[in-house]
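Enquirer: First the structure, then my questions, so here it is.
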Amino acid sequence: MWIKPSFLWMMYRCGWGTKAGQETVLAVEITRDGFEWALRHACLSSHVRGVHADRATWQRQLKRAPTRVQWDPERDLRLRPLPYRSLRVGLSGEAARRYVDEWTVAIRDVTPLAREIHALVSSGSLDTAARLLPREHFYPAGDELLVHLRG
């Protein structure tokens, strides 16, 4: 399972809730402690020279890590890539169990919101659509939390 902290990136992936099998869009609130546990126990999903000593070391880390991180281009209202990246966090094993049993605080169906914003974007009402977007902030993570995840 993947945590996608960006609303517009999620809209890109699910096609505003129109892709087959992705018609329902949920906003899942998790604890800060849980999210930071996931980041501390993460490995980049691909080898990056300068971050990993070598490909074999990265492969060993990836195999052991319960969390994987990818950096993907952030998206604008028309779902076009922006010049900066957003984090995606993949959970497996212990991380997935903790997500379900310990970290999840609330789950909201945001499908109607996704459809409303999509309709506004489709009709060219970008300013109105932008006002409806969920408020997002840069995550205040210290270097010690992300140093092994810079890609």
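Since every read-out is calculated from the coordinates, none of them should be taken as a lab result. Remember, it's a predicted structure, so these values are computed and weren't measured experimentally. Glycine also receives a Cβ, built like all others from the backbone with ideal geometry; neighbour counts cover every protein chain displayed.
Enquirer: Can you report the number of residues in the stretch 1-38 which are closer than 25 Å to V121 by Cα, part of a helix (DSSP H, G or I) and either in contact with a Pro (Cβ under 9 Å, 6 or more places away or on another chain) or not aliphatic (A, V, I, L, M) (or both)?
Expert: Total meeting the criteria: 5.
Enquirer: A follow-up question, please. Determine if the stretch 35-52 includes at least one residue that is of a type in the set (G, A, S), more than 19 Å from Y139 (Cβ to Cβ), surrounded by fewer than 18 Cβ atoms within 10 Å (Cβ to Cβ) and free of Cβ contacts under 8 Å to residues at least 60 places away in the same chain. Before you say what the answer is, go through the steps one by one.
Expert: Pass one, the stretch 35-52, residues of a type in the set (G, A, S): 38, 42, 45-46, 50.
Still in the list and also more than 19 Å from Y139 (Cβ to Cβ): 46, 50.
When the remaining residues are screened for being surrounded by fewer than 18 Cβ atoms within 10 Å (Cβ to Cβ), the result is 46, 50.
Within this subset, residues satisfying the condition of being free of Cβ contacts under 8 Å to residues at least 60 places away in the same chain are 50.
Yes; the residues of the stretch 35-52 include at least one that is of a type in the set (G, A, S), more than 19 Å from Y139 (Cβ to Cβ), surrounded by fewer than 18 Cβ atoms within 10 Å (Cβ to Cβ) and free of Cβ contacts under 8 Å to residues at least 60 places away in the same chain.
Enquirer: Hey, another quick one. For the stretch 93-151, please list each of the helices (runs of 4 or more DSSP H) lying entirely inside it that holds at least 3 residues being of a type in the set (D, E) and either in contact (Cβ under 8 Å) with a residue 12 or more places away in the chain or on the phi > 0 side of the Ramachandran plot (or both).
Expert: It comes to none.
Enquirer: When you scan the stretch 46-68, do you find a residue that is within 30 Å of R131 (Cα to Cα) and in contact with a strand residue (DSSP E or B) (Cβ under 8 Å, 6 or more places away or on another chain), even just one?
Expert: no
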